[in-house]
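The values are calculated or read from the model by the stated rules, or taken from the named source; none is laboratory data. Just so we're clear, the structure is a prediction, and the values are computed from it rather than from any experiment. Methodologically, a virtual Cβ is constructed for each residue, glycine included, from the backbone with ideal geometry; neighbour enumeration extends over all protein chains shown.
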Amino acid sequence: MDETGLTGKQKITLLSAWGLIKQDLDLHGRNIMLLIFREHPHFIPYFDFSADPNNTSLSENRALQAHSLNLIMALGALIEYGLKTPKMFECTLAKLVKNHKTRRVTSQDVKMFGEVILMYFAQVLGRQSASSLPTAFNRLIEQIAEAFEAAQFT
Ligand code: HEM
């Protein structure tokens, strides 16, 4: 284990799941955001949909699509680049924490997002998903949540 907090095996598990997800980032990103809003509707007001005011349906809203891409690409950056280069992991995480601090996002919120994302990955990858995915993904979410937690006291 290195500074990322993940073992070599956990990294391989995440990299291989990510390799499948990244083939259709736009679709998966949007599905994840919609699932988060369905499971936890109290998160909807955190987001600004005013960039696409004419679209009343969340699933068609381009502002939501833009947020979804931000979220999934940040996860991808942590997995694809961060896990290979711990300093990249640290820097990507630091930027993420900084940008969310003003929005009052807590480590508990991150864990809630993480649970939904994992549920989605398991659903969409089906048998292609390794049995080690839940542990590896939860470890990644823990690392993100810990960074958010630490920032609450700075
Ligand atoms: C899994 C962890 C998360 C990742 C990887 C992530 C990623 C991102 C990224 C990349 C952005 C856009 C740019 C930036 O500020 O860096 C963003 C914006 C945002 N995130 Fe997150 N996020 C996460 C968790 C959360 C949680 C738990 C919330 C709670 C509601 C949240 C709320 C927001 C909001 C409100 C914005 C701004 C959207 C706007 O402009 O209206 N994020 N997120």
Quiz item: From the list F89, F43, which one is more than 12 Å from the ligand (Cβ to nearest atom) and either among the hydroxyl-bearing types (S, T, Y) or under 16 Å from the mean Cα position of the chain (by Cα) (or both)?
Solution: F89
Quiz item: With respect to F49, is the statement that it is in a helix (DSSP H, G or I), within 9 Å of the ligand (Cβ to nearest atom) and either touching a residue at least 40 places away in the same chain (Cβ under 8 Å) or in contact with a helix residue (DSSP H, G or I) (Cβ under 7 Å, 6 or more places away or on another chain) (or both) true?
Solution: no
Exercise. Among the candidates I117, I79, single out the residue that is of a type in the set (A, V, I, L, M), closer than 19 Å to N138 by Cβ, within 8 Å of the ligand (Cβ to nearest atom) and modelled with pLDDT of 95 or more.
Key: I117
Quiz prompt | Residue check for Q108: of a type outside the set (D, E, K, R), out of contact with any His (no Cβ under 7 Å at 6 or more places or on another chain), within 16 Å of the ligand (Cβ to nearest atom) and modelled with pLDDT of 95 or more | solution = yes
Practice problem: For S59, indicate whether it is closer than 20 Å to V116 by Cβ, among the hydroxyl-bearing types (S, T, Y) and surrounded by 16 or more Cβ atoms within 10 Å (Cβ to Cβ). | Solution: no
Quiz prompt | Matching residues in the range 116-145 - criterion: being in contact (Cβ under 8 Å) with a residue 60 or more places away in the chain and over 14 Å from the mean Cα position of the chain (by Cα) | solution = V124, L125, Q128, S129, A130, S132, L133, T135
Exercise. Go through (1) near the ligand (Cβ under 10 Å from one of its atoms); (2) in a helix (DSSP H, G or I); (3) hydrophobic (A, V, I, L, M, F, W, C); (4) loosely packed, with under 13 Cβ neighbours inside 10 Å one by one and return the number of the condition L64 breaks.
Key: (4)
